[in-house]
Amino acid sequence: MASGFYEIEGGTQPALPTGQSVRIWKDSTDNQLKVLFPDGRNVKLSDIVSETEILNIKPNTQILVYDADTQSFRKVSGINFSPLAVQNRFATYDEDEFAGTTTAGKLNWNVNTNGTNASGQSGTYGVNGSERAYGVLQLDTGTTSAGRATLNRLINQVQIGYAYYEQVWRLALEALSTGAERFLVTFGFIDNTGAGDHSDGVYFRYSDNLNGGQWQCVARQAGVEAVVNTSVAANTIYNIFKIEINTTGTQADFYINDVLVASLTSNLPTTQGQFTGIGAKIEKSIGTTQRNLSIDYYTQKVLWNIGR
């Protein structure tokens, strides 16, 4: 069955549309948009389009919106309006802007630390008119050469390969890693809150001695990794990082400030029992000057591949 808009015309009533199509046209006599049906019915658009509010948008609902950036109409899935769209756990949506006095945040995060003065605490980095951070969770390495701090939840409880994941972080390095004060930052799907890299995960990684100080995108399965070196250099302002993993766990896409920087199709930990988690870690390896990772917000959307 054919459907859709034929065309938009103005002035006088156009010819009747054929098949299952309709025509939208502007009647110059009353300055009204009208819908012309194949059977000759000619109805004002305002009489057809209901202004009744949708109180509970279901995941499969499609909404037509106008995208001012592209000057075109696009359809939006109801699932983008989570948590209103959460139905029978087919979708979940988590978010935390860390706007409080506790490091647990809304989502009851854990903070693991090692070393003198290493901590997780509320911070103010970027809370100004240019960075516009609102609620900051600051991870501090402390003042030992092996100091570290990890924000984490669901460690060894997340399985990749049966749901679509979209995970977003807005965060900033307060200072860059150097040969004299070296540290490693990892965040995304991670499973190790202790020393060293992760066993199973999909995440962003940075240190000054990796990829010339430019961000890396990593997938690790049982300690064996696939990595893509990006050309995006780390800096000390806030950036938005996103990881998308398809439902089957066969591809992970990495974005920095909405630009695709890498895609990985190997070494994603999808084997049953290769559990990972969610978090961010900063870990010192050289020097005793404290280094900080500041997190403005975190969001995650999960679409389950069951019962649909």
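Between Gln272 and Lys26, the contour length at 0.36 nm per residue exceeds the Cα-Cα span by 82.7 nm. With a Förster radius of 45 Å applied to the beta-carbon distance between Thr250 and Leu45, the computed FRET efficiency rounds to 0.55. In this Cβ point-charge picture (+1 for Lys and Arg, -1 for Asp and Glu), the chain has a dipole of about 420 debye about its Cα centre. So in the chain, what percent of DSSP beta bridges are antiparallel if you round to the nearest 5? The answer is about 95 percent antiparallel. If a/c stays under 1.5 just call it rounded; otherwise compare a/b with b/c (prolate if a/b is bigger, oblate if not). Do that for the range 97-227, with a ≥ b ≥ c from the square roots of the Cα gyration tensor eigenvalues. Rounded shape, in that the Cα axes give a/c under 1.5. Ranked for footprinting exposure by Cβ neighbours inside 10 Å, fewest first, Val228, Val43, Val218, Val111 give Val43, Val228, Val111, Val218. Evaluating 6.51 cos²θ - 1.76 cosθ + 1.60 at θ = phi - 60° for every residue in the range 246-261, the Karplus couplings come out as 5, 4, 7, x, 9, 8, 10, 10, 10, 10, 10, 6, 6, 10, 5, 10 Hz, glycine and proline recorded as x. Shape class of the range 119-168 from the Cα gyration tensor (axes a ≥ b ≥ c, square roots of the eigenvalues): oblate, since a/c reaches 1.5 or more and a/b does not exceed b/c. Arranged from fewest to most other beta-carbon atoms within 10 Å of their beta carbon, Val22, Val65 become Val65, Val22. Each residue, Ser130 and Leu107, gets one label point 7 Å from its Cα in the Cβ direction; the gap between the two is 2.9 nm. Name the shape class, rounded, prolate or oblate, that the alpha-carbon gyration tensor gives for the range 183-291, where a ≥ b ≥ c are the square roots of its eigenvalues, rounded holds for a/c under 1.5, and otherwise prolate holds if a/b is larger than b/c and oblate otherwise. Oblate, because a/c is 1.5 or more while a/b does not exceed b/c.
Distance between the modelled labels on Phe37 and Thr299, one decimal in nanometres: 3.9 nm (7 Å Cα→Cβ projection). Normalised by the number of residues in the chain, the average gap of Cα pairs under 8 Å and 6 or more apart makes the relative contact order 19 percent. Each part reduced to its alpha carbon centroid, the range 204-221 and the range 246-274 end up 15 Å apart. Here the residues Lys242, Lys281, Lys26, ranked from fewest to most Cβ neighbours within 10 Å of their Cβ, fall in the order Lys26, Lys242, Lys281. With a Förster radius of 30 Å applied to the C-beta separation of Leu260 and Ala180, the computed FRET efficiency comes to 0.30.
No value in this document is a laboratory result; all are computed from the given coordinates. Since this is a predicted model, take the numbers as computed values, not measurements. Methodologically, a virtual Cβ is constructed for each residue, glycine included, from the backbone with ideal geometry; neighbour enumeration extends over all protein chains shown.
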